[in-house]
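Here's the structure, in C-alpha cells; my notes come after.
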Amino acid sequence: MSFDALALRREFPLFAAVPAPFHYLDSAATSQIHGAALDALVRHESTRRANVARGTYRLAEAATAAYEEARAAAARFLNAADAGEIVFTSGATAALNLVAGAFGATLQAGDEVIVSLAEHHSNLVPWQLLRDRTGVVLRFLPLAADGRIATEALPAMLTPRSRLIALTHCSNVTGALTDVPAVVAAARAVGARVLLDGAQRVQHGPVDVQALGVDFYAFSGHKCYGPGGVGVLWGRGEALAALPPVVAGGGMVGEVTPERTDFAPPPQRFEAGTPPIAAAVGLGAALDWMAGLPWPAIHAHERALLDRLLRGLAGLPGLRLLGPADAAARHPIVSFDLAGLHPHDVCQVLDRHGVALRGGNLCAQPLMRHFDVAGANRASIAPYTTAEDVDALLAGLADAIRVLT
Ligand code: PMP
C-alpha cells in the first residue's frame, strides 16, 4: 500500500507559509493544523458566532448545534457509546486535572492511585497535589530498562484500596504503547478504574475506548491536527455520572438558590462557563477528517520512516537511544542523548538546517532520571513527514556532532 505524504502535506496551510528548507519533526509537541479544521473554525467564527446552550435566537441555536455536532464527532472518533460521554476541556492537561479533582473527591485517605514513572508531568503532578491534599497514596509502576511501563508488575502491586490506574497510552518520550489489556485485566480484578492519557496516541488514528475497556480517556486538539485551546475528556457514562463537579459556574447547573445548587448531568456538569466553542468545532472537523484516512497505509509509511531514522541514528557516534530500539508496539517518537552535548545546543544547530527538533526534559523528568540524563532530543513523525525530513535530521545531527564536539 503506498501513501503520498507530499500530497497530504499540501492540505496543511503552514507548510506553504514557511520557507524551505523546513523539516517539522516536533508533531508530538504540536501537530500542524489541517485545512479542514482551520476552515471549520473560521467559518464558525464568521457565520455562527454566539454563545452555546443559552440563547434562543437562531444564531445561538446554530452555534449550539455546531458545538454538539463536534461532540458527536469526538464520540465517533473514540467509539464512545454516547456523545454525552464527551466533555470538552481546554486540553489534555485540563482533562487529567478534571479527573484528579472529581474522581479524587470520591477517594478517602489511604486509597491508592497508581501511575508510572514514564508519565508526562500532566499525569503526575495533579496526583501529587491530590495526595498532598487528601492523604491518597500515590504508587508508581516501575519501568523496564528501555523505558516501557512494566505492566506485568501491576497485579502484585494492587490491593483492595487501589482505586485508579492512570497511565499514558503512548509515551511522549519513547513512543512506546502501554499494554492496555494487561492494565484493564489487573484493574478489573480489584475493581479499580483506568484512566488513559491519550495525548500522544490520538494523532496516529482513531481510538476505540469501548474495545480498550478503560473508564477515562484524555487528549488535546492541537496534537491531532485540530486547533489549540481545546481537548477532550471521555468518561464511561456511569463513571462520569458518579463524579462531582470541580469547576463551578454558568451552564453546569439545574436550580440555583442562594443556599444550594442542583448540578446538571454530564457532560454539562463538567463544562462550567463558556466552552472553547470554535476550537471544538475545528476539532470536530479534524477528527472527522482523520476518521476518513487510510490508516494502515499511513502506519506503514510512518513505520518505514521510523526504521530509516533508527538505522541512521545507530550510525551516529556518541548517540544513545532512549527507549525501545525496534519499531514494534510504538508510535514514531524517538528520543536520544548525544554524549556531552546539550539538547538545546543540538536544536540550535538543527534549526540552521531547517529542522524543527525538540530538546529538553520533555515534561517527563522522572523518566529522564530513569535514563540517567537531564534532558534529551526528540524527533516525532506524523503522516505528513517525508524521507527528506528524516534525512535532513540525520545530516543535521552529523553536523551538530561535528561543530559541538
Ligand atoms: N500527556 C502527554 C503524554 C503529552 O505528551 C502532553 C503534551 N506534551 C500532555 C499530556 C499535555 O498536553 P497539553 O499540553 O496539550 O495539555
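The values are calculated or read from the model by the stated rules, or taken from the named source; none is laboratory data. All values derive from a computational prediction rather than experimental measurement. Glycine also receives a Cβ, built like all others from the backbone with ideal geometry; neighbour counts cover every protein chain displayed. Each accessible area value is taken on the protein alone, full model and side chains, heavy atoms only, with ligands, DNA and RNA left out. Shrake-Rupley method; radii C 1.70, N 1.55, O 1.52, S 1.80 Å.
The table below lists the values:
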read-out	value
Positive-end extreme of charge dipole, the chain - chosen from 264, 22, 206 (charges on Cβ)	264
Interchain or long-range residues, amide H under 5 Å from residue 355's placed H	23
Under Karplus coefficients 6.51, -1.76 and 1.60, residue-wise ³J(HN,Hα) of the stretch 91-106 in Hz, glycine/proline x	x, 4, 4, 5, 5, 5, 5, 4, 5, 4, x, 7, 5, x, 5, 8
Cleavage-rule hits (chymotrypsin sites (Phe, Trp or Tyr not before Pro)) in the stretch 2-95: DSSP loop, at most 15 neighbouring Cβ within 10 angstrom	22, 57
Range of Cα positions in the chain per principal axis (Å), largest first	70, 54, 37
Whole-Å distance, taken between Cα centres, linking the stretch 203-279 and the stretch 339-405	35 Å
Cα-centred dipole magnitude for the chain, charges only on beta-carbon of K, R (+1) and D, E (-1), debye, nearest 20	260 debye
Pairwise label distance in nanometres, residue 325 with residue 144, each label 7 Å out on the Cα-Cβ vector	1.4 nm
Dipole moment magnitude, nearest 20 debye, the stretch 70-171 about Cα centre, only Lys, Arg, Asp, Glu C-beta charged	120 debye
Most positive-pole-ward Cα, 284, 401, 107, against dipole of the chain from beta carbon charges	107
Unit charges on C-beta of K, R, D, E only; dipole of the stretch 264-405, Debye	240 debye
Cα-based radius of gyration of the stretch 20-91 once divided by 2.2 N^0.38 Å, which approximates compact folds	1.40
Length added when fully stretched, residue 29-residue 353, from 0.36 nm per residue minus Cα-Cα	114.7 nm
FRET efficiency, residue 399 to residue 161 (Cβ-Cβ, R0 60 Å, nearest 0.05)	0.65
Distance between the stretch 72-144 and the stretch 302-334 - C-alpha centres, whole angstrom	30 Å
At R0 = 25 Å, FRET efficiency that the Cβ-Cβ distance of residue 314 and residue 345 yields, to 0.05	0.70
Listed residue (246, 317, 331) projecting farthest to the positive dipole end of the stretch 228-351, Cβ model	317
Average accessible area per residue (Å²) across the stretch 48-291 - probe 1.4 Å, nucleic acids and ligands excluded	36 Å²
Simple label model, 7 Å out from Cα along Cβ direction - residue 125 to residue 11, nm	3.5 nm
The chain, accessible surface, carbon-and-sulfur percent (1.4 angstrom probe)	56 percent
Table column - 3J(HN,Hα) (Hz), the stretch 385-391, Karplus curve with 6.51, -1.76, 1.60, x for Gly and Pro	6, 10, 4, 4, 4, 5, 5
For the stretch 1-134, diffusion coefficient by Stokes-Einstein and Kirkwood Rh (Cα), 20 °C, 1.002 mPa s, µm²/s	113 µm²/s
P(r), alpha carbons of the stretch 280-405 - 5 Å bins starting at zero, rounded %	2, 10, 19, 21, 18, 13, 9, 5, 2, 0
Average silhouette area of the stretch 218-313, convex hull of alpha-carbon atoms, in square nanometres	9.1 nm²
Long-range HN-HN contacts of residue 143 with modeled amide H, under 5 Å	150
Computed over the stretch 313-379, the ratio Rg/Rh where both radii use C-alpha atoms and Rh is Kirkwood	0.95
